[in-house]
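J.: Handing you this structure, nothing more for now.
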Amino acid sequence: MRLTVFGSGDAFSGCGCNAAYGIDSSVLVDCGAPVPALSRRAGFDLHTLRLILVTHFHADHTFMLPVVLGASAVTANTEEPRLTIAGPVGIREYVSRLIGTGYGRHMQELIEERVSPTFVALQDGSDEALHGYRVRAHSVRLAIGGCDLFVCECTGWDAPVPGGHMWRDEVASLIAAFPATTFLLSHLAERRALPGALIAHDLLALDVTHAAEA
């Protein structure tokens with residue numbers, strides 16, 4: 001599996017684009033970064049995108065969705081498999097409002113006609129098989145056991161930060177508790193080193209191999 005970081009910055013920092021991550025060339029997790037532009041540089045083919053996962057509805061995780069869906073619509077091959085968009089309850093209505101506000105009814109109709117996305121609502125504890133991937137949704141932070149790679153926010157470095165975001169000391173405690181897991185720190189206000197962790201940057205690509213296969 002290949003992970004591509006499109007956006008490693010927090011909502012308002014200058015150290016990276018907003019949140020977005022690619023998995024292989026099939027899955028997009030969040031869409032705050034300008035994915036259509038960055039995907040060409042990363043070798044991530046939007047024509048093979050099959051699944052978009054939305055973790056939550058904050059602007060820095062979702063506001064480029066209309067651009068990705070619009071790009072898919074204007075280049076769509078209607079013989080290709082359809083796209084699935086999965087996220088919190090209300091995902092269909094939320095995406096529809098984003099497209100309508102950003103581009104209007106014409107683009108809504110074009111996306112529906114040429115992309116025809118299927119929507120899946122995820123709740124805490126959801127466990128879905130989507131396009132060959134197992135997607136499990138958790139509202140708690142500590143769903144880490146058994147992970148080979150854990151993409152973890154580290155928005156604060158010197159003290160806790162508002163909004164419930166994790167900061168250095170919390171992340172350090174997780175690294176100590178799960179030594180077999182590789183931690184990749186993202187959603188960064190600034191880029192610093194943390195022992196035991198990798199620090200994300202935009203367009204970073206990592207090949208992830210399961211420990212049993214190494």
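J.: Could you list all residues from the stretch 1-24 that are open to solvent by 10 Å² or more (accessible area, probe 1.4 Å), in contact with a strand residue (DSSP E or B) (Cβ under 6 Å, 6 or more places away or on another chain) and small (Gly, Ala, Ser)?
T.: Within the stretch 1-24, Gly16 is the sole residue that qualifies.
J.: Moving on. Out of (1) part of a strand (DSSP E or B); (2) under 19 Å from Val74 (Cα atoms), what's the single condition that is false for His47?
T.: It fails just one condition, (1).
J.: Right, next: Could you list, in sequence order, the residues of the stretch 79-96 that are surrounded by 13 or more Cβ atoms within 10 Å (Cβ to Cβ) and either without any contact (Cβ under 8 Å) to a residue 12 or more places away in the chain or assigned to a strand (DSSP E or B) (or both)?
T.: Looking only at the stretch 79-96, we keep the residues that are surrounded by 13 or more Cβ atoms within 10 Å (Cβ to Cβ), and these are 80, 83-88, 91-92, 94-96.
Passing the criteria: Thr84, Ile85, Ala86, Gly87, Pro88.
J.: Right, something else. Considering only the stretch 69-83, I want to know if a residue exists there that is touching an Asp or Glu at 6+ places or on another chain (Cβ under 9 Å), over 30 Å from Arg192 (Cβ atoms) and either polar (S, T, N, Q) or at pLDDT 95 or above (or both).
T.: Yes, there is a match, as at least one residue in the stretch 69-83 is touching an Asp or Glu at 6+ places or on another chain (Cβ under 9 Å), over 30 Å from Arg192 (Cβ atoms) and either polar (S, T, N, Q) or at pLDDT 95 or above (or both).
J.: Given (1) over 16 Å from Ala19 (Cβ atoms); (2) open to solvent by less than 70 Å² (accessible area, probe 1.4 Å); (3) among the polar types (S, T, N, Q), where does Thr155 come up short, assuming only one miss?
T.: Among (1) over 16 Å from Ala19 (Cβ atoms); (2) open to solvent by less than 70 Å² (accessible area, probe 1.4 Å); (3) among the polar types (S, T, N, Q), Thr155 violates only (1).
J.: Then there is this: Against the conditions (1) surrounded by fewer than 23 Cβ atoms within 10 Å (Cβ to Cβ); (2) under 14 Å from His187 (Cα atoms); (3) aliphatic (A, V, I, L, M); (4) in contact with a Cys (Cβ under 9 Å, 6 or more places away or on another chain), where does Ala59 fall short? Just the number, please.
T.: Looking at each condition in turn, Ala59 falls short on (4).
J.: Same structure again: For the condition open to solvent by 70 Å² or more (accessible area, probe 1.4 Å), within 25 Å of Gly22 (Cα to Cα) and small (Gly, Ala, Ser), what is the one hit in Ala180, Ala143? I'd like the intermediate steps shown before the answer.
T.: Details: Ala143 fails: open to solvent by 70 Å² or more (accessible area, probe 1.4 Å).
On inspection, the qualifying residue turns out to be Ala180.
J.: Here is a further query. For the condition modelled with pLDDT of 95 or more, open to solvent by 40 Å² or more (accessible area, probe 1.4 Å) and touching a Gly at 6+ places or on another chain (Cβ under 7 Å), what is the one hit in Asp202, Asp169? Walk me through how you get there before you give the answer.
T.: On the way: Asp169 fails: touching a Gly at 6+ places or on another chain (Cβ under 7 Å).
After applying the criteria, what remains is Asp202.
J.: Another one. Sort out which residues of the stretch 45-56 are surrounded by 14 or more Cβ atoms within 10 Å (Cβ to Cβ) and over 21 Å from Glu153 (Cα atoms), and write them in order of number. Give the derivation first.
T.: The first filter runs over the stretch 45-56 and keeps only residues surrounded by 14 or more Cβ atoms within 10 Å (Cβ to Cβ), leaving 46, 49-55.
Across the stretch 45-56, the qualifying residues are Leu46, Leu49, Arg50, Leu51.
J.: Would you be able to say whether some residue in the stretch 25-33 is open to solvent by 40 Å² or more (accessible area, probe 1.4 Å) and in a loop (DSSP other than H, G, I, E, B)?
T.: In the first step, residues of the stretch 25-33 are kept if they are open to solvent by 40 Å² or more (accessible area, probe 1.4 Å); the result is none.
No, every residue in the stretch 25-33 fails to be open to solvent by 40 Å² or more (accessible area, probe 1.4 Å) and in a loop (DSSP other than H, G, I, E, B).
J.: Counting only residues that are of a type in the set (S, T, N, Q) and without any contact (Cβ under 8 Å) to a residue 24 or more places away in the chain, which one in the stretch 102-132 is most open to solvent (accessible area, probe 1.4 Å)?
T.: Here is the first cut: in the stretch 102-132, the ones of a type in the set (S, T, N, Q) are 108, 116, 118, 123, 126.
The next check asks that each one be without any contact (Cβ under 8 Å) to a residue 24 or more places away in the chain; those that pass are 108, 126.
Details: Gln108: 56, Ser126: 23 Å².
In this case the residue turns out to be Gln108.
J.: Criterion first (over 17 Å from His201 (Cα atoms), of a type in the set (Ser, Thr, Tyr) and either more than 11 Å from the chain's Cα centre (by Cα) or modelled with pLDDT of 95 or more (or both)) does Ser39 satisfy it? Show your work before the answer.
T.: Values: over 17 Å from His201 (Cα atoms): no; of a type in the set (Ser, Thr, Tyr): yes; either more than 11 Å from the chain's Cα centre (by Cα) or modelled with pLDDT of 95 or more (or both): yes.
So Ser39 does not fit the description; no.
J.: Sticking with this one: Quickly run through the stretch 100-111 and pick out the residues that are in a helix (DSSP H, G or I) and either over 19 Å from Leu28 (Cβ atoms) or aromatic (Phe, Trp, Tyr) (or both).
T.: So the first thing to find is which residues in the stretch 100-111 are in a helix (DSSP H, G or I), and the list is 100-103, 105-111.
Once the filter is applied, which keeps residues that are in a helix (DSSP H, G or I) and either over 19 Å from Leu28 (Cβ atoms) or aromatic (Phe, Trp, Tyr) (or both), the stretch 100-111 yields Gly100, Thr101, Tyr103, Arg105, His106, Gln108, Glu109, Leu110.
The values are calculated or read from the model by the stated rules, or taken from the named source; none is laboratory data. Just so you know, these numbers come straight off a predicted model, no measurement behind them. In this analysis, Cβ positions are derived from the backbone assuming ideal geometry, glycine residues included, and neighbour counts consider all displayed protein chains. Just so you know, the surface numbers come from the protein's heavy atoms only, side chains and all, with ligands and any DNA or RNA stripped out. Shrake-Rupley method; radii C 1.70, N 1.55, O 1.52, S 1.80 Å.
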